[in-house]
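The values are calculated or read from the model by the stated rules, or taken from the named source; none is laboratory data. In this text, all values refer to a predicted model and were calculated from it rather than measured experimentally. Cβ coordinates were reconstructed from backbone atoms using ideal geometry, including for glycine residues, and neighbour counts include every protein chain displayed. These area figures cover heavy atoms from the full protein model, side chains too; ligands, DNA and RNA do not enter into them. Shrake-Rupley method; radii C 1.70, N 1.55, O 1.52, S 1.80 Å.
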Amino acid sequence: MFPTAIAGSLPKPAWLAETEKLWPQWKAQGPELQQAKADATLLWIKAQEDAGLDVIGDGEQARQHFVHGFLEQVEGIDFEHKVEMGIRNDRYKAMVPQVVAPLRLKGRVHAFEAQLARAHTTRRLKFTLPGPMTIVDTVVDRFYGDRVKMAFAFAELLNQEALALQADGVDIVQFDEPAFNVYMAEAADWGVRALERAAQGLSCTTAVHICYGYGIQANVDWKATLGEQWRQYEQVFPALAKSSIHQVSLECYHSHVPPELMALLAGKDVMVGVIDVASDEVETPEQVAETIGRALQFVPRERLIPCTNCGMAPMKREVALKKLEALVKGAALARSRC
């Protein structure tokens, strides 16, 4: 009961990349960089196990960014001529690559880190991929001329990699779709369908992570404009409840998402965000247990998975470690109360 997990990313060590940045620059190149990525991945696997997490991830240590780490292995994308683009409905600006030709995979994308992680933990292994809609919202289209068509083209490539990850021994393939609470009508209309295409044929557990974004200032400022109740999920949850995806991850602690919205996910496992990734204040086990308790009013105990609100990539490493420990201790406290 209450198996613990993280949303996906973890801070990169200072010897691997710049710290506390969402788009960090690497500190090495070539074989030295590959070795550093492997070392960081093993470091975080051990840290997660030491903290007591039940589901382990690679911490996305081998990727500069959760979207662009996938795109680097896709033909038809021009990384040489990046352009500035408004991300998540112009919430913040980023330099993004351009889609200039038909999309095809160059080969395997994440075999190195997935196989490394599988070889070094006996616990359930989760691996994250960007979702089709979020990818579309993080590139400039100079070829397809249609967001839906391009999203399904990306979904086919994601599916190829997801099936390969399953063959690598990954237990849970998670697609990250923060765009789902920005373009709610489109998400319910075609976003969930594109997500299902990405997960087509998988027999392992499938998951989707939806959130209000990393704990960067642009997201913090945006959240301040959303009012007392954040009801964006209300439009998307019914579509997800009808989908073939097994698990849904969402942020709860220090958010204004009405807890009753989780009832719209009946039939799904719910990864309940009980750790705030936008604050350096470390939660107490009591605070984590209280958040789990509130979620239990709307999510059956056998379907509740305590998790982080979002990825922890921009956080201080020492803070992230303490938050992982708080997550596990809080879940244990909640378990003792049931």
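Side notes on the structure shown:
- When the range 287-314 is filtered for residues that are touching a strand residue (DSSP E or B) at 6+ places or on another chain (Cβ under 6 Å) and charged (D, E, K, R), only Arg303 remains.
- Flag for Thr128 being in contact with an Asp or Glu (Cβ under 6 Å, 6 or more places away or on another chain), of a type in the set (S, T, N, Q) and open to solvent by less than 10 Å² (accessible area, probe 1.4 Å): yes
- Selection of the range 242-271 for residues being of a type in the set (A, V, I, L, M, F, W, C), free of Cβ contacts under 8 Å to residues at least 40 places away in the same chain and in a loop (DSSP other than H, G, I, E, B) yields Val257, Ala266.
- Subset of the range 92-115 [assigned to a loop (DSSP other than H, G, I, E, B) and surrounded by fewer than 16 Cβ atoms within 10 Å (Cβ to Cβ)]: Lys106, Gly107, Arg108
- Failed item in (1) open to solvent by less than 10 Å² (accessible area, probe 1.4 Å); (2) at pLDDT 95 or above, with Thr138 passing the rest: (2)
- Criterion: out of contact with any helix residue (DSSP H, G or I) (no Cβ under 6 Å at 6 or more places or on another chain), open to solvent by 20 Å² or more (accessible area, probe 1.4 Å) and of a type in the set (Gly, Ala, Ser) - qualifying residue of Ala14, Ala7, Ala36: Ala14
- Residue that is crowded, with 24+ Cβ neighbours inside 10 Å, more than 28 Å from Leu53 (Cβ to Cβ) and not polar (S, T, N, Q), where the choices are Phe180, Phe154: Phe154
- In the range 39-51, of all residues being open to solvent by less than 10 Å² (accessible area, probe 1.4 Å) and not hydroxyl-bearing (Ser, Thr, Tyr), the one that is farthest from Glu113 (Cα to Cα) corresponds to Gln48.
- Scanning the range 116-144 for residues that are assigned to a strand (DSSP E or B), within 24 Å of Trp190 (Cβ to Cβ) and of a type in the set (A, V, I, L, M, F, W, C) yields Leu129, Val140.
- Restricting the range 192-215 to residues that are surrounded by 22 or more Cβ atoms within 10 Å (Cβ to Cβ) and among the β-branched types (Val, Ile, Thr), the residue that is farthest from the chain's Cα centre (by Cα): Val192
- From the list Lys27, Lys12, Lys21, the lone residue that is basic (Lys, Arg), modelled with pLDDT of 95 or more and under 28 Å from Leu250 (Cβ atoms) is Lys12.
- Residue selected from the range 148-191 under the condition of a type in the set (D, E, K, R) and in a helix (DSSP H, G or I), by the criterion nearest to the chain's Cα centre (by Cα): Glu161
- Residue among Asp54, Asp58 that is under 23 Å from Val173 (Cα atoms), out of contact with any Cys (no Cβ under 9 Å at 6 or more places or on another chain) and open to solvent by 60 Å² or more (accessible area, probe 1.4 Å): Asp54
- Only one of Lys242, Lys268 that is surrounded by 17 or more Cβ atoms within 10 Å (Cβ to Cβ) and basic (Lys, Arg): Lys268
- Of all residues in the range 245-256, those being in contact with a strand residue (DSSP E or B) (Cβ under 7 Å, 6 or more places away or on another chain) and open to solvent by 20 Å² or more (accessible area, probe 1.4 Å) number 3.
- Residues that are closer than 19 Å to Lys21 by Cβ, small (Gly, Ala, Ser) and not in a loop (DSSP other than H, G, I, E, B), drawn from the range 40-90: Ala40, Gly69
- Of the residues making up the range 272-298, those that are surrounded by 20 or more Cβ atoms within 10 Å (Cβ to Cβ), without any contact (Cβ under 8 Å) to a residue 60 or more places away in the chain and assigned to a loop (DSSP other than H, G, I, E, B) number 1.
- Some residue of the range 158-167 being open to solvent by less than 10 Å² (accessible area, probe 1.4 Å), among the charged types (D, E, K, R) and at negative phi: yes
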